[in-house]
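Structure record follows, encoded as C-alpha cells.
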Amino acid sequence: MTNLSPKNDKNTSGGQLGDAANFVTSTLGNTVGAVGRTAGNVTGAATRGVGDTVTAVTGGYGKPVGEAVGQLGTGVQEGLGDVSKGVENAGNGKNK
C-alpha cells in the first residue's frame with residue numbers, strides 16, 4: 001500500500017527531538033546572553049560612576065585617573081556585550 005502522506009521529518013521522533021533540542025539551546029543561549037549583557041551594563045555604569053566620582057573629588061589632578069576608570073567600565077560593558085551576542089547567536093545556530 002502506498003503512503004499518500006507527504007514526507008515530513010518533523011513527524012518522526014528524531015525530528016521532534018531535534019526541535020526540542022533547538023528550543024532548549026536557543027532559550028539557554030538567549031538567557032545566558034541576556035544575563036551577560038545585563039552584567040556588562042551594570043558593571044560598565046558602576047565603573048563609569050566611580051570614574052566620574054574620582055574626577056569630581058580630585059578635580060583636575062585626578063581627571064586622567066577618573067577618565068581611565070570610566071573608559072575601563074565602557075570596555076568591560078562592550079566586551080561583555082560582544083560575548084553575550086556571540087552566545088545568543090550560537091544558541092540560535094548563527095555563525096556571526
### Task
Identify all residues within the range 43-96 that are of a type in the set (D, E, K, R) and either surrounded by 13 or more Cβ atoms within 10 Å (Cβ to Cβ) or closer than 20 Å to residue 31 by Cβ (or both); write none if there are none.
48, 52, 63, 67, 82, 85, 88, 94
### Message
For a quick check of your reading of the model, give me the residue pairs whose first member lies in the range 34-45 and is without any contact (Cβ under 8 Å) to a residue 40 or more places away in the chain, whose second is of a type outside the set (S, T, N, Q) and part of a helix (DSSP H, G or I), with beta-carbon atoms closer than 7 Å and at least 6 apart or on different chains.
### Response
43/73; 43/76; 44/73; 44/76
### Query
If you take the residues of the range 75-96 that are in a helix (DSSP H, G or I) and in contact with a Ser or Thr (Cβ under 8 Å, 6 or more places away or on another chain), which of them is modelled with the lowest pLDDT?
91
### Message
What pairs come out if I take residues in the range 80-96 that are within 20 Å of residue 23 (Cβ to Cβ) and pair them with residues that are assigned to a loop (DSSP other than H, G, I, E, B) and at pLDDT below 90 whose C-beta lies under 8 Å away, six or more apart or interchain?
### Response
89/95; 89/96
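Given the structure, is residue 52 of a type in the set (Asp, Glu) and modelled with pLDDT of 90 or more? Break it down stepwise before answering.
Values: of a type in the set (Asp, Glu): yes; modelled with pLDDT of 90 or more: yes.
Here the answer is yes, as residue 52 does meet what is asked.
The values are calculated or read from the model by the stated rules, or taken from the named source; none is laboratory data. These numbers come from a predicted model, not from an experiment. Virtual Cβ from ideal backbone geometry, glycine too; neighbours counted across all protein chains shown.
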